[in-house]
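Below you'll find the structure, written out as structure tokens, and then a few comments.
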Amino acid sequence: MLLEVEGLDVRYGRTHAVRAVSLSVGQDEVVTVLGANGAGKTSLLRALQGMVPAAGGQIRFDGVDITRMSPPQRLQRHLALVPEGRQIIISLSVHENLLMGAYCRHDAGVSRDVDGIYDRFPNLAARRDMPASVLSGGEQQMLAISRALLAKPRLMMLDEPSLGLSPLLVERLFGLLGSLRDEGLAILLVEQNTQMALEVASRGLVMELGNVVLEGSADALRHNDRLAAAYLGHAAPAAGPVSPPATPPSSNGRA
Amino acid sequence: MSGYATGIVAILCINLIFAYAIFVTAAAGQLNLGGAGFQAIGAYTAAWLSSNAGQPVIVTIPLAMVTTALIGFLISFPVLRTRGVYMVLATFAFGQFVSGFLLRSPTFGGAIGMVVSDYVGVGLLVAAAIITTGLVFFLMASRLGLAIRSIHDDEPVSTIMGVNVRAVQVTTFTIGGALAGLSGALYAHHFSFVEAQYFNSLLSIYVLLFVLIGGTQTAWGPLVGSLFFTLLPEVLRVGGSWRYVVFGVAIVAMMVLRPQGIVTRELVSRLSPRNWFGSRPAPAARLADGG
């Protein structure tokens with residue numbers, strides 16, 4: 001397994017935001033963490049990236065214990081985060097934002113990789129020297145993902161990348177995540193858009209109040225009544241924990 | 001050049017180097033209101049080495065810079081524990097401590113001050129100012145400069161991008177200390193006399209104003225800020241004591257009209273020769289990705 005988390009705890013003072021969470025992500029696998037606001041998903045990612053200290057438990061990445069490492073150290077081991085709300089650096093130009101993505105690297109391939117990003121996203125190439133603040137929401141998300149890609153991650157963690165995007169752009173975003181997965185990138189995806197997330201992921205976890213309450217393959221979760229009732233916005237017929245395929249959820253996945 | 005003009009050019013060069021000292025830290029989001037303290041240490045180190053130890057300028061100026069760089073490095077650790085207005089107060093206290101210490105220290109002449117034996121002409125001051133300006137422009141265009149600007153915008157995101165924020169901030173305080181020491185040493189050698197009263201809190205406030213009103217986004221800011229602040233009082237000299245009123249109104253007007261400083265990155269890119277011939281991307285480049 002590329003990422004192995006065992007019994008991770010995160011506390012902010014008296015608040016116990018993440019309670020003994022264990023999860024794993026394999027090479028070229030997409031795992032999604034689902035749950036409502038305040039379930040502890042963002043805290044989980046922040047602890048995995050090292051922005052908040054782990055109050056307990058262990059994080060292993062590529063066989064190495066990274067629990068006590070700083071965020072820059074984790075990034076140099078190729079664990080990258082696309083933070084919630086994109087968080088691009090608005091007074092830097094698009095190009096400078098991309099260079100910041102490669103800040104942790106010391107190899108000669110940076111400019112070639114930046115050109116690769118411009119080939120992939122012509123919109124970013126067209127705005128190369130403009131301040132990043134002029135980008136649209138969709139372009140900002142592309143920039144945030146591109147920036148993380150330039151760190152040459154082996155595992156990319158994304159915190160609600162679909163937040164605030166129009167349905168068309170959400171569609172496109174998940175298309176991009178799917179092709180990154182097909183190129184062999186491992187992804188840990190935190191989402192509220194349950195339906196889309198389960199389409200791109202192979203496995204998923206559901207968090208509630210800091211605990212993992214449900215875990216399974218994407219297929220099983222897609223047809224799980226408890227999840228359907230809570231997040232897919234339609235009442236489920238009474239059934240066991242994993243019910244046979246009922247009517248496929250048709251609404252937009254937002255709870 | 002008349003004595004009056006030479007005097008203005010000399011003080012402009014010293015102010016410019018001093019402004020860059022404060023700018024380097026301000027560009028990384030740290031406000032230093034103790035600039036005069038750093039400059040005083042540089043000036044007194046050079047003065048003492050020159051007059052008491054008989055060292056030549058080639059030794060006094062570098063040693064003054066090393067001393068203030070070291071103090072900048074050491075002082076950054078307690079100062080970086082504070083934020084915002086508390087950092088301003090902590091650096092202010094440092095400046096006050098230095099001038100108070102010098103005023104009461106018999107080794108450094110106390111309130112009488114010190115005569116500096118070796119003289120440095122205005123030519124060297126101009127050369128030092130040009131070299132400093134070039135180096136700061138180079139710094140801001142470098143990888144470290146990118147990290148500095150990124151920290152100025154957003155510390156947490158810079159950390160996510162792999163920037164060791166604390167190390168960069170300590171570096172900027174050290175570079176700022178060295179530059180402030182250079183400006184102080186040049187001041188001591190050019191005016192041949194140092195006194196603690198000159199390095200007062202008003203000087204710290206002025207140099208921070210040069211930087212904040214000039215703008216902290218690009219290295220052009222301190223250049224414009226120190227030109228403006230050094231020359232405007234001279235231009236206004238014809239108006240007698242009303243010049244202070246006009247000067248004050250000008251500062252307030254600047255802060256209201258351009259709170260981000262006179263020179264911004266946007267202004268620089270608009271004025272850059274590359275963009276004179278309409279290089280704005282055509283609307284077609286916007287593709288379908290709206291939203």
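The values are calculated or read from the model by the stated rules, or taken from the named source; none is laboratory data. Please read all numbers here as calculations on a predicted model, not as lab measurements. We place every Cβ from the backbone using ideal geometry, glycine too, and count neighbours over all the protein chains shown.
Below is a table of values for the structure above.
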| quantity | calculated |
| --- | --- |
| Inter-residue pairs, beta-carbon under 6 Å, first under 14 Å from residue B:134 (Cα atoms) and in segment B:210-225, second assigned to a helix (DSSP H, G or I) and not hydrophobic (A, V, I, L, M, F, W, C), 6+ apart | B:218/B:265; B:221/B:214; B:222/B:20; B:222/B:214 |
| Number of the exception - residue B:197 against (1) in a helix (DSSP H, G or I); (2) modelled with pLDDT under 90; (3) surrounded by fewer than 15 Cβ atoms within 10 Å (Cβ to Cβ) | (2) |
| The listed residue being assigned to a loop (DSSP other than H, G, I, E, B), surrounded by 19 or more Cβ atoms within 10 Å (Cβ to Cβ) and either more than 10 Å from every other protein chain (Cβ to nearest Cβ) or at pLDDT 95 or above (or both), out of A:54, A:151 | A:54 |
| Residue ID - farthest from the other protein chains (Cβ to nearest Cβ), chosen from residues in segment B:200-226 that are surrounded by 22 or more Cβ atoms within 10 Å (Cβ to Cβ) and β-branched (Val, Ile, Thr) | B:207 |
| Residue A:188 being touching a residue at least 12 places away in the same chain (Cβ under 8 Å), out of contact with any helix residue (DSSP H, G or I) (no Cβ under 7 Å at 6 or more places or on another chain) and in a loop (DSSP other than H, G, I, E, B) | no |
| Candidates A:86, A:60, A:46, A:74, filtered to the one that is touching a residue at least 12 places away in the same chain (Cβ under 8 Å), among the charged types (D, E, K, R) and more than 10 Å from every other protein chain (Cβ to nearest Cβ) | A:60 |
| So residue A:110, is it more than 10 Å from every other protein chain (Cβ to nearest Cβ), buried (at least 20 other Cβ atoms within 10 Å of the Cβ) and either at pLDDT 90 or above or within 11 Å of residue A:148 (Cβ to Cβ) (or both) | no |
| Residues satisfying the stated conditions in segment A:138-148, i.e. in contact (Cβ under 8 Å) with a residue 40 or more places away in the chain and within 12 Å of another protein chain (Cβ to nearest Cβ) | A:140, A:141, A:143, A:144, A:147, A:148 |
| For residue A:16: the one exception among (1) in a strand (DSSP E or B); (2) under 24 Å from residue A:146 (Cβ atoms) | (2) |
| Residues satisfying the stated conditions in segment B:111-141, i.e. touching a helix residue (DSSP H, G or I) at 6+ places or on another chain (Cβ under 9 Å) and within 14 Å of chain A (Cβ to nearest Cβ) | B:140 |
| Residue that is under 13 Å from residue A:29 (Cα atoms), touching a residue at least 12 places away in the same chain (Cβ under 8 Å) and not aromatic (Phe, Trp, Tyr), where the choices are A:173, A:155 | A:155 |
| Qualifying residue in segment A:28-43 (condition: part of a loop (DSSP other than H, G, I, E, B), within 14 Å of chain B (Cβ to nearest Cβ), out of contact with any strand residue (DSSP E or B) (no Cβ under 7 Å at 6 or more places or on another chain) and of a type outside the set (Asp, Glu)) | no |
| Search result, residues across segment B:143-176 that are more than 11 Å from every other protein chain (Cβ to nearest Cβ) and free of Cβ contacts under 8 Å to residues at least 40 places away in the same chain | B:171 |
| Residue match in segment B:257-271 (condition: at pLDDT below 80, within 14 Å of another protein chain (Cβ to nearest Cβ) and touching a helix residue (DSSP H, G or I) at 6+ places or on another chain (Cβ under 7 Å)) | yes |
| Every residue from segment A:87-98 that is at pLDDT 90 or above and surrounded by fewer than 21 Cβ atoms within 10 Å (Cβ to Cβ) | A:93, A:95, A:96 |
| Of all residues in segment A:191-204 being assigned to a loop (DSSP other than H, G, I, E, B) and buried (at least 18 other Cβ atoms within 10 Å of the Cβ), the one that is modelled with the highest pLDDT | A:201 |
| Residue satisfying condition, being over 24 Å from residue B:226 (Cβ atoms) and exposed (fewer than 15 other Cβ atoms within 10 Å of the Cβ), within set B:80, B:74, B:49 | B:74 |
| Lone unmet requirement of (1) in a loop (DSSP other than H, G, I, E, B); (2) of a type outside the set (Val, Ile, Thr); (3) under 18 Å from residue B:7 (Cα atoms) for residue B:203 | (1) |
| Residue A:170 being buried (at least 23 other Cβ atoms within 10 Å of the Cβ), under 18 Å from residue A:34 (Cα atoms) and within 14 Å of chain B (Cβ to nearest Cβ) | no |
